[in-house]
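To start, the structure itself, in structure tokens.
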């Protein structure tokens, strides 16, 4: 009896073992045929210990490389791309863990055409409840929708560390050492227009992909500049005539993103490309003013040929007929709404003297203008944000704090107020809004909350995120007498200009010391000085300007200098030594017809470069300086084609050519 039971148990055990073996074999077979890559052991061993094909059992596979992950993710994303353009994963993290994070969240927009970005935002990232924004009278709802709208925009075009906005997430502040570059997209030019170096533009319309990874890797020249990002700035210095210059962004990897020097010819190509490809964000809903702008663009593109005009000199312009028609349509069509919100002194408080006077004069004339200003925002083609970047610094910057976070926060709160009270900011995400700012910190101050706006900036630096086709280079004008801004206008005739070249100024930045090293007291024809002794009404400085053939406009801490306009004011041919500086009204003016551009590296050859210009060419350029002068003058009562109208025209022109219909 006992033996029978034992035999029965053994039989059942054998059956059970056979059943388990069969089940296990079935599972293995199922995995072999059904699981990806036929990896039978995928669920048995840890993924990092799976033997590679052809490897010994002791060898284990390494985690996939960054490029492998990027390639696989790119292939997965491509079917969902917009208008046939693929979304490509960011591949700029250095470790495997960082790469996994990037593949999960960090996308780079590769399409060259800006409208593709609009499609992605409008089709893939709809703002919840956006259809009700225009119907709701609840200001709080509008504000929240506007804030969420910017979160979506920042997230979609976002930064590597995945923080949408410090305002929205209460994220901890980031230091320059751990700040990574914004994503960039490369402009693809036709073969005949390809520049020698890659040109990169930031899809976020902020910085051109610059980052600051380590101050220890900054060159000796770049050490003069510090980060202008995440609220860190160099304290103000005293400039020649007024407030001082700040520093520029430096980056050990910047040469990989944009060329070290973007020449004037390359800028022209970028400008042409931008008009063909750049489009602002698509409005959330259509408006009659959009159709008026689209109609204006069609008329400008098909402008009748005009060869001459008694008040203009055709050779000064890239396309005289196009400029003339565009200006006429601006006068006939343009309506601007000026927001009344905001308290003095930062808003609605123009100042009219000093090197930053351009923003104050524009504010004064714009707010008092009856021709272009409309009280009905529904009729407005453009919206003006009347803040002063100089007064923002005067009122809020804490001396020696090396931080401007509170300045940025002030502007962000201002934008929140506008977006919460009115629907117009939210309709275009600020693309039909513009600002006019001359302080050197303006690009950094407006980089976050006002990134979509059209920015008229004195600090028009390709490496600071200047966007061709959207942003405007504002002339920096040093106004001495606010009651008579054109006092001392003009210069001596050519026969009374004995000096070949002249420069005087404080040693701001790295270019001016180099200039003085090679030319101060080295040549009688080259009047190159440091800061001149003070004289009544700056009389000595003005006399040198009026009696020199060429006036050297060397950059200081930033690319911009009031000397460019001063040279034109005193009828002296400007010699611009400032790499990557976009000259004022670049959309329409052919600067090479009346100015000389010398690369910073060519300072040792400055005299030979100037002497190589034939006298006939110089005389023609000097005559054109006189002709272009009318575009750089402020008047208490604005005059046709003056600096106010030209600034407004540049804003209008860029808006017309970037408009995207809803």
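No value in this document is a laboratory result; all are computed from the given coordinates. Computed from a predicted model, the values in this text were never measured in an experiment. Because the Cβ atoms are built from the backbone with ideal geometry, glycine has one as well, and the counts that use them run over all protein chains shown.
For the stretch 494-632, build the convex hull from the C-alpha positions and give me its volume per residue in Å³. Intermediate results must be reported in sequence, preceding the final value.
Working: hull volume 14.9 nm³, N = 139.
Each residue corresponds to 108 Å³ of Cα convex hull volume.
If a paramagnetic tag sat 7 Å from the Cα of residue 599 along the Cα-Cβ line, which residues of the stretch 262-290 would have the backbone N under 18 Å from that point?
262-270
Given R₀ = 60 Å, FRET efficiency for residue 641-residue 18 by Cβ-Cβ distance, to 0.05?
Working: r = 98 Å, r/R0 = 1.63.
About 0.05, to the nearest 0.05.
Can you give the FRET efficiency to the nearest 0.05 for residue 344 and residue 376, using r as the Cβ-Cβ distance and R₀ = 41 Å?
Details: r = 25 Å, r/R0 = 0.61.
Result of the calculation: an efficiency of 0.95.
So, in nm, how far is label residue 489 from label residue 311 when the simple model puts each one 7 Å beyond its Cα toward the Cβ?
A separation of 1.4 nm, rounded to one decimal place.
Between the stretch 458-516 and the stretch 589-662, how far is it from one alpha carbon centroid to the other, in angstrom?
Computed from Cα coordinates, the inter-centre distance equals 11 Å.
For residue 395 and residue 522, compute 0.36 nm times the residue count separating them, minus their Cα-Cα distance, and round to one decimal in nm.
41.3 nm is the gain from fully extending residue 395 to residue 522.
Mind giving me the nanometre distance, one decimal, between the label points for residue 295 and residue 481, set 7 Å out from Cα along Cα→Cβ?
Placing both labels 7 Å beyond Cα along the Cβ direction yields 4.6 nm.
Hey, rough spin-label estimate for residue 286 and residue 302, points 7 angstrom out along Cα→Cβ, what's it come to in nanometres?
Inter-label distance under the simple model: 2.0 nm.
Please give the length that would be gained between residue 623 and residue 592 if that part of the chain were fully extended, namely 0.36 nm times their separation in residues minus their C-alpha to C-alpha distance (nm, one decimal). Walk me through the numbers on the way to the answer.
Details: separation 31, 0.36 × 31 = 11.16 nm, distance 1.34 nm.
Result: 9.8 nm gained on full extension.
Between residue 264 and residue 403, how high is the FRET efficiency from 1/(1 + (r/R0)^6) when r is the Cβ-Cβ distance and R₀ = 30 Å? Nearest 0.05.
Details: r = 35 Å, r/R0 = 1.18.
Computed FRET efficiency for residue 264 and residue 403: 0.25.
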